[in-house]
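Below is one structure, written out as structure tokens; comments come after it.
The values are calculated or read from the model by the stated rules, or taken from the named source; none is laboratory data. Values in this document were obtained by computation on a predicted structure and should not be read as measured data. No Cβ is skipped: glycine too gets one built from the backbone with ideal geometry, and neighbour counts run over all protein chains shown.
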Amino acid sequence: MLISEFFIMVNQPTLLSSQLFYENRVVEVTLNRVMLGLWKEIETRRKRSASFNCISKDVSYTERTKHHCWRCKDIIFHCLDKAQRQQWVQTINNQLSLLSIRPKRLLVYINPYSGKQRGKWIYEQRVAPLFSRASISTDVIVTESANHARDHLKTEVDLKQCDGVVCVGGDGMFSEVVHGLVSRTQSDSRVDQNQPNQDLVPCALRIGIIPAGSTDCICYSTTGTNDPVTSALHIIMGDSQPMDVCSVHHNNTFLRYSVSLLGYGFYGDVLTDSERKRWMGPSRYDFSGLKTFLTHQYYEGTVAFLPAKDNLGNPRDKIKCRTRCHICEQGANNGQLLSGDHVYKMAEENSDEETSGDGVWRVIRGKFLAINAACMSCACPRSPRGLSPYAHLADGTTDLILVRKASRLDFLRHLIRHTNKDDQFDMSFVEVHRVRRFRFAPKHSNVISEVDLSETSGKKICNQVCTAHPNNDTGHSNWNCDGEILPHADIQVSVHCQLIRLFARGVERGTTFDTYTWSVIEGSNLSWQA
Ligand SMILES: CCCCCCCCCCCCC/C=C/[C@@H](O)[C@H](COP(=O)(O)O)NC(=O)CCCCC
Ligand SMILES: Nc1ncnc2c1ncn2[C@@H]1O[C@H](COP(=O)(O)OP(=O)(O)O)[C@@H](O)[C@H]1O
Ligand SMILES: [Ca+2]
């Protein structure tokens, strides 16, 4: 069982301090009140972040390693006698019983078809042994169909019987769990999800993600990596990261929630095409991405948005969302989602402003290759800085990225910048706004494809992909909502600040503070050798 997170805080009151043996040396080990485990020894100079865990004869500890990954390691302390051992075990157990942040009972959903279909293996081989080592009991459900987890959470589960919900899979599986938990919380509180301006009730249970999917953007953006063991250790340590959720409505009817990407145009078309190629696994996105890029379709429509307050920075301010982010704290204090009725209409002009109860709406009309809303950075292995590198996990805003009609070459330059350190927003046809709400209305006429076959050497490929393009008939794209296709192009979106919490701590800074962080885990049979 993981007892606590331990910090080296020299002035904290000491609960227990003894000389123990470690690797044939005498070391001074101190346990302090604020769950402080100071392995004082001569070796504090080591300055590694770690947490240790007493299991059987070993003390195991988790250690932060490279690239935001955490690992479990073992260490053996030897006591002078049984009495000393008993004293340590007793004191640690007492501390353990005081910790309520660490989950003891988890409900686990595994999507066996996520990503490369290794979800079950990953859970059984890499995660379950750690949970059992930390004395966490689990109810494991391998899903049998899409929406199995969502519907189970919505209607069947006694939420009081568990301390958290874990999903093993990709962003789609996480989205299922979010829908189940958020909808259940609203129906238990008699809140009507169909009202776009309704304040929603935050979910009580935290959600853990064990990454096993195709994109794993939500896991990567909230931990800094897509490593299953790291995610398991964040769950065991009881980390908590609040997260914003966007609600998506069409004509005052609730459609879906979104926590990462809402993308119309390019990302909507990539998803629509890729759904027919699920058999290809994660590489379906590369194939459909190339195909959609060659199609070079643009869409006409009107975007209206309510800008965020100034104290929440802007999408190009270079302030990254990191553990204990102060911008997210501001967002929570602002109470970003203000209630009340807001009437706004789409302007016919290219750009306009409309006033409503809680601020000035801006209206922009144009032809767009992509309209993306990133409620978090959307960092993932394909794009390590993400769609909007300075977006925040829990500030109550989303970054609205408008990519206007541009040449294919310019669009390629823009896309490539998602994969390196260059600024993808520093281009004349791209604009980005930090917003609390937005609305999109497509132009109700067929959009003519901009493809000029004569300008590309890949004429033949281009010809094929254009004729096969899914949306040429309607002139509309689809919205990609965390990897699910939305049935309507005309949507209203509101951000709900910190509606859910994850077993994560956000992306950690690589500062010396982190390297001083220690934790201790304990097993009931702690038996140090005399
Ligand atoms: C020429 C190089 C172009 C490279 C462009 C790379 C840009 C990548 C940005 C990715 C943002 C991803 C945002 C997350 C989306 C996921 O929610 C969604 C569903 O994931 P999953 O459930 O795991 O399948 N994934 C996608 O929509 C895939 C987008 C890939 C676009 C190439
Ligand atoms: N047992 C199942 N059979 C089929 N589809 C499922 C099952 N369980 C979940 N799903 C659905 O699979 C889709 C993709 O899941 P996800 O875990 O995101 O994988 P990937 O990252 O590969 O897209 C989601 O829409 C989810 O609702
Ligand atoms: Ca946000």
State all residues of region 304-319 that are out of contact with any His (no Cβ under 9 Å at 6 or more places or on another chain) and in contact (Cβ under 8 Å) with a residue 12 or more places away in the chain; if no residue qualifies, say none.
304, 309, 311, 316, 317, 318
Considering each residue of region 81-118, count those that are among the hydrophobic types (A, V, I, L, M, F, W, C) and within 16 Å of ligand 1 (Cβ to nearest atom), and give that number.
1
Looking only at region 349-383, filter to residues that are in a strand (DSSP E or B) and in contact with a helix residue (DSSP H, G or I) (Cβ under 8 Å, 6 or more places away or on another chain); which one of those is modelled with the lowest pLDDT?
380
Residue in region 194-206 that is within 13 Å of the chain's Cα centre (by Cα) and either more than 21 Å from residue 104 (Cα to Cα) or away from ligand 2 (no atom under 16 Å from the Cβ) (or both) present
yes
Could you identify the single residue in 150, 85, 118 that is surrounded by 14 or more Cβ atoms within 10 Å (Cβ to Cβ), closer than 26 Å to residue 282 by Cβ, out of contact with any Gly (no Cβ under 9 Å at 6 or more places or on another chain) and among the charged types (D, E, K, R)?
118
Here is a list of conditions, (1) touching a Cys at 6+ places or on another chain (Cβ under 8 Å); (2) crowded, with 24+ Cβ neighbours inside 10 Å; (3) closer than 17 Å to residue 179 by Cα, and residue 256 meets all of them except one; can you say which number that is?
(2)
Residue identified as touching a strand residue (DSSP E or B) at 6+ places or on another chain (Cβ under 9 Å), assigned to a helix (DSSP H, G or I), more than 16 Å from ligand 3 (Cβ to nearest atom) and of a type in the set (S, T, N, Q) among 132, 114:
132
So for region 168-182 (the condition being in contact with a Leu (Cβ under 7 Å, 6 or more places away or on another chain) and surrounded by fewer than 19 Cβ atoms within 10 Å (Cβ to Cβ)), does at least one residue qualify?
no
Only one of (1) touching a Ser or Thr at 6+ places or on another chain (Cβ under 9 Å); (2) without any contact (Cβ under 8 Å) to a residue 40 or more places away in the chain fails for residue 145. Which number is that?
(1)
Which of the residues spanning region 277-310 are within 16 Å of ligand 2 (Cβ to nearest atom) and of a type in the set (A, V, I, L, M, F, W, C)?
279, 280, 287
Within region 420-437, the residues that are assigned to a strand (DSSP E or B) and closer than 14 Å to residue 388 by Cβ are 430, 431, 432, 433, 434, 435
In the set 340, 386, which member is assigned to a loop (DSSP other than H, G, I, E, B), modelled with pLDDT under 90 and at positive phi?
340
Please verify whether residue 260 is within 16 Å of ligand 3 (Cβ to nearest atom) and in contact with a helix residue (DSSP H, G or I) (Cβ under 6 Å, 6 or more places away or on another chain), treating the condition exactly as stated.
yes
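Yes or no, residue by residue, for (1) within 14 Å of ligand 1 (Cβ to nearest atom); (2) part of a helix (DSSP H, G or I):
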{"residue": "218", "(1), (2)": "yes, yes"}
{"residue": "229", "(1), (2)": "no, yes"}
{"residue": "239", "(1), (2)": "no, no"}
{"residue": "255", "(1), (2)": "no, no"}
{"residue": "264", "(1), (2)": "yes, no"}
{"residue": "270", "(1), (2)": "yes, yes"}
{"residue": "282", "(1), (2)": "yes, yes"}
Across (1) more than 16 Å from ligand 1 (Cβ to nearest atom); (2) at pLDDT 95 or above; (3) of a type outside the set (Val, Ile, Thr), residue 173 clears everything bar (1)
